[in-house]
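Each remark here refers to the structure printed beneath this line.
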């Protein structure tokens, strides 16, 4: 890690480049021609070290050229113009230099700016934009000073020009420090209201400190933390059981998860690890490490349980890429650990605007220095990162095996998303939910209830009550539940387009929500089998045909009757492929999908269809029905590059948004992070680990 102690700002070094010019303007302004000679000597002195490093400052190069030309013109050709018009000519030369540097997209301030930041930052478009703005400001100062020296005499020209130079130096130092902070918090500040709720205040029976709409994992996480911290919490769930996508159902003794197959965030500094510890839970009571197999190019690849083992496996498969494989995963591990660096404070990684809010501006300002590897992943796609290291397309494909955890292809996947949601499984492994996903969700429900909170199922909220753009509670049919804070653990489209009256939101915000694209959905087949499949791994991912087999009972034998197996098949599916629910056409399409998926799975598990004693299936419209997630989307909104999720704080005071709709996105780990963020903000970020 680099030393973060700020010494002399890089932009301060621009003063050194001005020294020959100051000597020139002062001495020549007093009529001393020797000022040209002294300035040339100083310029040559400044450029010597740059020649040795082969790293040149454009302003110093221009200084050598200008004062060399001035010396030649003055002492060889006896020209007086470099002495008499020193101010006008000098500033005109610097103006042309600044404009030229902008044209070639190498602003002259770039060289000194680099002293403040690691190399990885130099490639950032924002870094170039900031330097272009600084250089543009200097261009204006230079041309203004040239005009001042053309039309004003001593002492006004010296006074005015020095004031502008002083402003330019101050601007060059302060601007790059403040601009990233400004843009990081600019929009969020509009929503960053302060919660006013008092857990100690006595409340009536229908009054609560916080009401949470929806019992997905984010809502349950938020509710569990708040109830532990003394808040009177009410969780309202429209379904007959809690959990959202993190739920299970049972058929004739077979238990199936409704979606959760592989959970991350359970390593030493993982958000789930922190969350479980805060609740007093043990990781081993809820999660079991998965074992996995990939089917790739018709070959079975059993995945080792350690990163070292996986690297060795890949090196054997792709010997020509061996060196690059080691380099790639070395960087991957560093970048991943840097991503979670701030987890030592709140147990979770934070977006830029929350780093500023909770830790301070300096932390965000130093972010590129403190996270040089992760910062590089922030500004690229996953495909770009793979292309940096590998040429073998098969290896790249294999490293995209977990793309289903994001729902986007490598070329559209932000590299940092791939790092956290995909590559983390190679680094620290993935986990299955012990006792089924419902066990985890129900345990959170019980925790809330044991801490004087309430969780009500079959309670679908019809309306969020708002007066003067401030939350007052919720309405279910004719019943009203009062609270100064409401947390919507529902999709943002549902929240803002159905539960909130449109007159409480700006037209621009409503249009933004309407235009957000949903993520893909999936089709699942649930099979209870009369055979024991324990000789297979828990997860089998077929990259060739893009589907997965999850043998639930291999992770936890209690999920199927003794000697039998609980198995799920998963593949992505388009919502629009399926007709209206409960029609003959819909049932026919559902049956066709199930039959085709079972047939594919029989290539891996022979005669699978002959051992089915329980069968069910779920389409995107099934998921939409049970979770109310629009289009049955797995990860709420599309997680491609450039898609901006809504903030967890909304335009309506005291109305929070949590879950997959907001930062950091979909998945159990991500929604737990979202729930922790929401709970911490309600507590004004006073709880640290």
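In percent, how large is the relative contact order of the chain, given Cα pairs closer than 8 Å and 6 or more residues apart?
Values: 1217 pairs, mean separation 110.7, N = 689.
After rounding, I find 16 percent.
Starting from the Cα gyration tensor of region 306-428, take the square roots of the eigenvalues, sort them a ≥ b ≥ c, and report rounded, prolate or oblate (rounded when a/c is under 1.5, otherwise prolate if a/b is larger than b/c, else oblate). Cα axes put region 306-428 in the prolate bin. Over the C-alpha trace of region 580-663, radius of gyration and Dmax come out as 18.8, 58 angstrom.
Potential lengthening of the chain between residue 279 and residue 585 amounts to 105.4 nm, from the contour at 0.36 nm per residue minus the alpha-carbon distance. Taken along its principal axes, the alpha carbon cloud of region 10-186 reaches lengths of 55, 38, 24 Å, longest axis first.
Protection proxy ranking, highest mean first, for peptides 33-39, 200-206, 212-218, 437-443: 212-218, 437-443, 33-39, 200-206, where packing is the per-residue count of other beta-carbon atoms within 10 Å, averaged. A convex hull fitted around the alpha carbon atoms of region 234-305 yields 173 Å³ per residue. Can you tell me the FRET efficiency between residue 250 and residue 609 if r is taken as the Cβ-Cβ distance and R0 is 22 Å, rounded to the nearest 0.05? It comes out at approximately 0.50.
For region 235-371, count the residues as N, evaluate 2.2 N^0.38 Å, and divide the Cα radius of gyration by that value, please. Present the calculation step by step, with values, prior to reporting the outcome.
On the way: Rg = 20.0 Å, N = 137, 2.2 N^0.38 = 14.3 Å.
The reported ratio for this selection is 1.40.
Compared with the dominant principal axis of the Cα atoms in the chain, helix 34-53 is inclined by about 30°. Angle of helix 217-228 to the longest C-alpha principal axis of the chain, folded into 0 to 90 degrees and rounded to 10: 90°. The gain in end-to-end length when the residue 387 to residue 240 segment is fully stretched comes to 48.2 nm, 0.36 nm per residue minus the alpha carbon separation. Calculated mean residue ellipticity at 222 nm for the chain: -13500 deg cm²/dmol, from DSSP H runs with n ≥ 4 weighted as -39500 (n - 2.57), summed, divided by the residue count and rounded to 500.
Subtracting the Cα-Cα distance of residue 305 and residue 191 from their residue separation scaled by 0.36 nm leaves 36.6 nm.
Cβ neighbours within 10 Å, averaged per peptide: list 164-176, 375-387 in order, most packed at the top.
Ranked from most to least packed, the peptides come out as 375-387, 164-176.
Order of 296-307, 237-248 by packing, highest average Cβ count within 10 Å first?
Highest-to-lowest ranking by the protection proxy: 237-248, 296-307.
Between the Cα long axis of helix 125-151 and the first principal axis of the chain there is an angle of about 20°, rounded to the nearest 10.
Looking at region 543-689 from every direction and averaging, what is the projected area of its Cα convex hull in nm²? Value for region 543-689: 13.3 nm². Note on residue 96 and residue 126: with the Förster distance fixed at 35 Å, the Cβ-Cβ geometry gives a FRET efficiency of about 0.85.
Projected label points at residue 599 and residue 104, each 7 Å from Cα along the beta carbon direction, are separated by 6.4 nanometres. Using a simple spin-label model with pseudo-atoms 7 Å out from Cα toward Cβ, residue 327 and residue 298 lie 3.4 nm apart. The orientation-averaged projected area of the convex hull spanned by the Cα atoms of region 139-218 comes to 11.3 nm². Anisotropy class assigned to region 622-670 is oblate, per the alpha carbon gyration tensor with a/c at or over the 1.5 cut-off and a/b no larger than b/c. Spacing of the modelled spin labels on residue 576 and residue 532, each 7 Å from Cα toward Cβ, amounts to 4.9 nm.
All of the numbers you see were taken from the coordinates with simple rules; none came from a lab. This structure is a prediction, so every number in the text was calculated from the model and none was measured. Methodologically, a virtual Cβ is constructed for each residue, glycine included, from the backbone with ideal geometry; neighbour enumeration extends over all protein chains shown.
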